[in-house]
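Working notes, structure below.
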Amino acid sequence: MNSESQGQIDTMDFACRFFKARGAVVESRGEMKDILLPGAAARELEMEDFFRVGPGEAVDRERGSGSRDDTQVYAVQLHTPFLDRMLSLAGTATPFTPVRLKFHYLKSQGFDRLAAAQFDFHKSKISILSTGEARTRYLALTCRYAAKSDEIKQGMVEICINLDTGVVIPGMAETLANVQKEYFQGEGRGCTAKEIETIQAIVEHHGRQLVEARLTPFVASMNRRFRRDTVSLEAYYEALAKEMEASLERSGLSPRLRDERQAKIAMIPGELGTKKEDLLNKYSVKIDFKPVAALYLASPCVTVFARLTSGRKISDITLTYNPATKKMDPAACESCGSGTYSLGCCANRHIICPECLAKGCVLC
């Protein structure tokens, strides 16, 4: 099979998946495909509701056959406006793939030791009441960032979120490559409007923290260059001011020229300040950050029912054992909602993180 025919197969496969993702009915007619699009998708593509697509050579044969069929026919091939339009639209939405995680074994004991090793309980003690196998949902987001300054630094970061608790799961993205997966469509796909709001807030806060950590050397480099150029700029204007002041001592300098040079000398600090602002804008780092792919994970887990005792205060807590990371997921602070491995009880027995213990529980 030559490369041209292989390319045609690839573009047709992409086109069929593109149309199906937008709710189209695709009916095979040999090399050609009949496409029936929903109204909204047809308007998005600026096309008819019903049309036919095929590889370039097959379209040429059909058109040359003199068929009386009035159906509009489009060739799916590279470097055509039709395919370019599909590629452009395909890139506007984040790819969303649902997956089931499969494990041959789930941990069934030792959760008391695991909780004690992972969690820090502020003036509290934990006791495990019971456990049970359950299912939970995670979202693995791949995010692209571009840091723009005098140079551009680009890269990817991955964030995993437990959709049932709304907390970020550290280290989970790195473990997924070794987990057996089953891809599926339909059931369980999608997030509620409230979950999407939570995800957006997490990505904005936690994602940018990850990016900033990765960009530390890049930011340090831009800062060094800013300081270097600032020193050079200050030295230049200092030398310029001294030279102009020295020129005032020349004999025979007319009062008019003296006044003009003194005025220019007075303007030097303002010009230096403007140039410094230009340098600051040049070396400031601006970050463009957004999700580019999402993996919806339906996973078995172990729910651990526990009790936190702090003096006479008793609070029940539910923890999650994650078989992908082989660790307990962080617990959600009942006050601020952030994930944490450090917990304590407020005066009204809410289970909260150290920051909320210090500043006060918002639920009280």
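Computed values, structure above
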| item | result |
| --- | --- |
| Pairs with Cβ under 7 Å, 6+ apart, first in region 340-361 and under 18 Å from residue 167 (Cβ atoms), second assigned to a helix (DSSP H, G or I) | 341/118; 342/354; 344/354; 344/357 |
| Looking only at region 281-311, and only at residues there that are out of contact with any Leu (no Cβ under 7 Å at 6 or more places or on another chain) and polar (S, T, N, Q), the one that is nearest to residue 98 (Cα to Cα) | 303 |
| Looking only at region 274-325, and only at residues there that are among the aromatic types (Phe, Trp, Tyr) and over 22 Å from the mean Cα position of the chain (by Cα), the one that is farthest from residue 161 (Cα to Cα) | 283 |
| Members of region 171-215 found to be outside any helix (DSSP H, G or I), at pLDDT 80 or above and not charged (D, E, K, R), listed by number | 171, 179, 180, 183, 215 |
| Residue check for residue 218: modelled with pLDDT of 90 or more and closer than 30 Å to residue 281 by Cβ | yes |
| Search result, residues across region 142-180 that are of a type in the set (Lys, Arg) and crowded, with 16+ Cβ neighbours inside 10 Å | 153 |
| Which listed residue, of 315, 335, 299, 310, is of a type in the set (S, T, N, Q), assigned by TED's automatic domain parsing to the domain that holds residue 168 and either closer than 30 Å to residue 240 by Cβ or in contact with a helix residue (DSSP H, G or I) (Cβ under 6 Å, 6 or more places away or on another chain) (or both) | 335 |
| Answer residue from region 73-118, given it is in contact with an Asp or Glu (Cβ under 8 Å, 6 or more places away or on another chain) and loosely packed, with under 14 Cβ neighbours inside 10 Å and is nearest to residue 318 (Cα to Cα) among those | 106 |
| Region 59-80 residues that are at pLDDT below 85, paired with ones that are assigned to a loop (DSSP other than H, G, I, E, B) (beta carbon under 8 Å, 6 or more apart) | 77/55 |
| One residue from 297, 279 being surrounded by 14 or more Cβ atoms within 10 Å (Cβ to Cβ) and assigned to a strand (DSSP E or B) | 297 |
| Among (1) over 15 Å from residue 328 (Cβ atoms); (2) surrounded by 12 or more Cβ atoms within 10 Å (Cβ to Cβ); (3) out of contact with any helix residue (DSSP H, G or I) (no Cβ under 7 Å at 6 or more places or on another chain); (4) not assigned by TED's automatic domain parsing to the domain that holds residue 47, the one test that residue 139 misses | (3) |
| Tabulated pairs, region 209-229, first closer than 20 Å to residue 155 by Cβ, second of a type in the set (S, T, N, Q) and crowded, with 17+ Cβ neighbours inside 10 Å, C-beta under 6 angstrom, 6+ apart or interchain | 222/149 |
| Subset of region 17-28 [within 14 Å of residue 74 (Cβ to Cβ) and either in contact with a helix residue (DSSP H, G or I) (Cβ under 6 Å, 6 or more places away or on another chain) or modelled with pLDDT under 85 (or both)] | 18, 26 |
| Residues being of a type outside the set (Asp, Glu), surrounded by 12 or more Cβ atoms within 10 Å (Cβ to Cβ) and more than 54 Å from the chain's Cα centre (by Cα) - total across region 207-263 | 8 |
| Single match in 133, 174, 158, 197 (criterion: under 28 Å from residue 335 (Cα atoms), assigned by TED's automatic domain parsing to the domain that holds residue 300 and free of Cβ contacts under 8 Å to residues at least 24 places away in the same chain) | 158 |
| Any hit, region 228-241, residues being among the aliphatic types (A, V, I, L, M) and not assigned by TED's automatic domain parsing to the domain that holds residue 279 | no |
| The lone exception for residue 308 - which of (1) out of contact with any strand residue (DSSP E or B) (no Cβ under 8 Å at 6 or more places or on another chain); (2) in contact (Cβ under 8 Å) with a residue 24 or more places away in the chain it fails | (1) |
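The values are calculated or read from the model by the stated rules, or taken from the named source; none is laboratory data. Worth saying up front: this structure is predicted, and the values here are computed from it rather than measured. So basically every Cβ, Gly included, is an ideal-geometry build from the backbone, and we count neighbours across all protein chains shown.
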